[in-house]
Amino acid sequence: MKTVYLIYPKKVGTIAPEIYGHFSEHIGGVFYDGLWVGKDSSIPNIDGFRKDLIEKLKAINPPVLRWPGGCFAETYDWRDGIGKDRPVRRNWWTPNDKRQEDNSVGTHEFVRLCELIGAKPYFAANMTATTPLHIRNWMDYCLSAQGSTTLAKEREENGSPDPFDIPFWGVGNENWGGGGNMRPEYYADEYRRYATLMDNVSQTAELFVCGSNADDYNWTHGVMQGIAGSWSRTNGFAMHYYCGYAGDVTAFTEDEWDQQLVQANKMEEIIKRNWAIISAHNMQDKCKLVVDEWGCWHPDGSGPSKGYNLFEQQSTMRDGMVAALTLNIFNNHCDKVKMANVAQLVNNLHCLFLAGGENMIVTPTYHVFDLYKDHQGADCIESIVTDNDTLNSSLSVSASVKDGKTLVTIANLSCREDIDFELAAAGMTLPASAKAKLLYNEDMHAHNSFENPDAVKVTDLDLDLSKPVMIPKTAVMAITF
């Protein structure tokens, strides 16, 4: 028997809604086949975007959407995506994906997508192949008041007289790798140069410095050393961590289930160690963590497109469990993490949707985001699990309070045993009963498909909290009272 203690007097912090953010890159079938079908398509759409996907995404309250990359940003020219006569370019991913980029979705279309789903746009600026002035001009085009500059007038001519609300700007992307293979010291100097001009356009837009690749703490130290103690406005440290893969995406063993979760659980160590370095440089008030790419990265070819869309993969209960574990980690470190964006939204990596032609389905990861959505903007309270000896048989838990309601999200990380637990509280008397939702399938390999879209779904439960509660193996539960 395990006990989940909720320590109401101990508030960890407020869970920023942006922790439940998403990422959409021009890669594979994320936009073309996925989000974008075109205004003239026979597939139901809103201004060219797939209608059923928009409605499903809006239902989970997405707070932020990152674009246009990813590595795609490293060769992206924002002027290609405005106006009527748009050029066709080689996509960053073209050598593998056999696709060209026709720029059907550019700045205006993406902002419209964010309006449709209720998300704030987060732009990743290209500092690999363009100048600081180029990015400054993009900000001028997007943010300047109607009629105030030549670029603002051009924006109006292209159909948007009012300035766009784009609160978040990444200054480069993966500059330790595809973003220029820079040394941290060099990147820090470049960041200061770009940020100076970007700040000249807007003093309110948040600027994110390129963070580490997983546990590359040398990068963290070098960048912090280069920007600390000088003028260099920064509002976040945009780190990436993919927990990779373990075995076949849909035919893994129990040991490979465990291995995948061990790899995912490393997120907590990376958060703590990066935060320690940032704090050692006295940058904790400027550089909260932005985990703007995270998730599983299985070999592609298992999705409905059977390899046509680069990095498209099926999503099982194991991927849903990784999402639940990771979001619990973010919640419990909300004093350090201000934003996170799962990669990616549709037809790619750790996605919430798979779509093609007239078909569209949600994945177990989508259901996890749905179960967790009321954590957004809530106060995280400390939660402690007793008898939490090994990852194979442990519970992952986070809890929050908002408007007098408590949400407890619990993931049974074991693929071998059901777990009985009881809820206990300090600082509050728990009610006798509660409502719950359960994401579960007895087959840990279960996944949704075009042929069977509801193989994995959520069921409603009524819980008697005066008795032990059983959470099945490989299940995720959200309890509300």
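With label points built 7 Å along Cα→Cβ from the Cα atoms of Ile46 and Met470, find their separation and express it in nm.
4.2
Computed over the Cα atoms of region 383-480, what is the convex hull's projected area averaged over all directions, in nm²? Mind dumping the intermediate values first?
Numbers: hull surface 28.7 nm².
Quarter of the Cα hull surface area: 7.2 nm².
With +1 assigned to the C-beta of every Lys and Arg and -1 to the C-beta of every Asp and Glu, and no other charges, what is the dipole magnitude of the chain about the Cα centre in debye, to the nearest 20?
Result for the chain is approximately 1020 debye, rounded to the nearest 20.
Rounded, prolate or oblate: which fits region 96-182, taking a ≥ b ≥ c as square roots of the Cα gyration tensor eigenvalues, rounded meaning a/c under 1.5, else prolate when a/b beats b/c? All intermediate terms of the calculation are to be shown ahead of the outcome.
Details: a/c = 1.82, a/b = 1.44, b/c = 1.27.
Note, shape of region 96-182 comes out prolate.
List residues of region 422-445, by number, whose backbone nitrogen lies under 19 Å from a label position 7 Å along Cα→C-beta of Thr3.
Those under the cut-off are 422-433.
Which ordering of Thr196, Thr474, Thr406, Thr204 is given by a fewest-first count of other beta-carbon atoms within 10 Å?
Numbers: Thr196 14, Thr474 27, Thr406 22, Thr204 7.
Ordered by Cβ neighbours within 10 Å, fewest first: Thr204, Thr196, Thr406, Thr474.
What does the charge dipole of region 26-96 about its Cα centre add up to, to the nearest 20 debye, if the Cβ of each Lys and Arg holds +1 and the Cβ of each Asp and Glu holds -1?
Working: 11 positive and 9 negative charges, 14 e Å.
Computed charge dipole of region 26-96: roughly 60 debye.
Tell me which lysines have Cα within less than 23 Å of Lys338's Cα, excluding those fewer than 8 residues away on the same chain?
The qualifying lysines are Lys10, Lys11, Lys58, Lys120, Lys266, Lys272, Lys286, Lys288, Lys373, Lys402, Lys405.
Taking other Cβ within 10 Å of each residue's Cβ, how do Tyr187, Tyr122 sort, fewest first? Provide the component values of the computation, followed by the final result.
On the way: Tyr187 24, Tyr122 28.
The most exposed by this proxy come first: Tyr187, Tyr122.
Which order do Glu25, Glu185 fall in if you start with the one that has the fewest other Cβ atoms within 10 Å? Don't skip to the end; give the middle numbers.
Working: Glu25 26, Glu185 12.
Least crowded to most crowded, the residues run Glu185, Glu25.
Before rounding to the nearest 500, sum -39500 (n - 2.57) across all DSSP H runs of length at least 4 in the chain and divide by the residue total; then give [θ] at 222 nm in deg cm²/dmol. Write out the running numbers ahead of the final one.
On the way: 10 runs with 124 residues, N = 481.
So the calculated ellipticity at 222 nm is -8000 deg cm²/dmol.
Between Asp462 and Arg90, what FRET efficiency comes out of the Förster formula 1/(1 + (r/R0)^6) with R0 = 51 Å and r the beta carbon distance, rounded to 0.05? Before the final figure, lay out the partial values.
Numbers: r = 56 Å, r/R0 = 1.10.
Plugging the Cβ-Cβ distance into 1/(1 + (r/R0)^6) gives 0.35.
Largest first, please: the extent of the C-alpha atoms of the chain along each principal axis, to the nearest Å.
68, 55, 40
Would you mind computing, in nm to one decimal, how far apart the modelled labels at Glu157 and Lys405 are, each placed 7 Å from Cα along Cα→Cβ?
5.0
Just for the chain, what percent of DSSP beta bridges are antiparallel, to the closest 5?
Roughly 55 percent of the DSSP beta bridges within the chain come out antiparallel.
Along the positive direction of the dipole of the chain (beta-carbon charges: Lys, Arg +1; Asp, Glu -1; about the Cα centre), which of Met477, Thr363, Gly177 reaches farthest?
Towards the positive end, the residue furthest out is Gly177.
If I take R0 = 45 Å and measure r between the Cβ atoms of Asp102 and Leu197 in this structure, what FRET efficiency does the formula 1/(1 + (r/R0)^6) give, to the nearest 0.05? Please report the intermediate quantities before stating the final value.
Working: r = 30 Å, r/R0 = 0.66.
Computed FRET efficiency for Asp102 and Leu197 comes out at 0.90.
Grab the Cα-Cα distance for Arg273 and Ile384, subtract it from 0.36 nm times how many residues apart they are, and report the gain in nm with one decimal. If you can, show how the numbers build up before the last one.
Values: separation 111, 0.36 × 111 = 39.96 nm, distance 2.16 nm.
Length gained, Arg273 through Ile384: 37.8 nm.
Using only the Cα atoms of region 157-203, what semi-axes does the equivalent ellipsoid have when each is the square root of 5 times a gyration tensor eigenvalue? Give whole Å, largest first. Present the calculation step by step, with values, prior to reporting the outcome.
Working: eigenvalues 156, 36, 13 Å².
Gyration-tensor ellipsoid for region 157-203: 28, 13, 8 Å.
Positive end of the charge dipole of region 1-87 (Lys, Arg +1 and Asp, Glu -1 on Cβ, about the Cα centre): tell me which of Ala16, Pro68, Trp36 has its Cα farthest that way.
Farthest along the dipole direction, towards plus: Ala16.
Among Asn213, Gly320, Gln259, whose Cα sits farthest toward the positive end of the charge dipole of region 16-377 (+1 at Cβ of Lys/Arg, -1 at Cβ of Asp/Glu, about the Cα centre)?
Farthest along the dipole direction, towards plus: Asn213.
Kindly state, to the nearest 0.05, the FRET efficiency for Ser230 paired with Asp335, given R0 = 30 Å and r defined as their beta-carbon distance.
Working: r = 26 Å, r/R0 = 0.85.
Efficiency, from the Cβ-Cβ distance: 0.70.
Near Leu439, within a Cβ-to-Cβ distance under 14 Å, what is the net charge of the other residues, with Lys and Arg +1 and Asp and Glu -1? Please list the in-between numbers first.
Working: positive: Arg318, Lys373, Lys437, Lys457, Lys473; negative: Asp319, Asp370, Glu442, Asp443, Asp454, Asp460.
Every neighbour counted, the sum reads -1.
Values in this text are rule-based calculations from the coordinates and carry no lab data. Note that this is a predicted model, so its numbers are computed, not measured. Cβ sites come from the backbone with ideal geometry, for glycine too, and all protein chains shown count toward neighbours.
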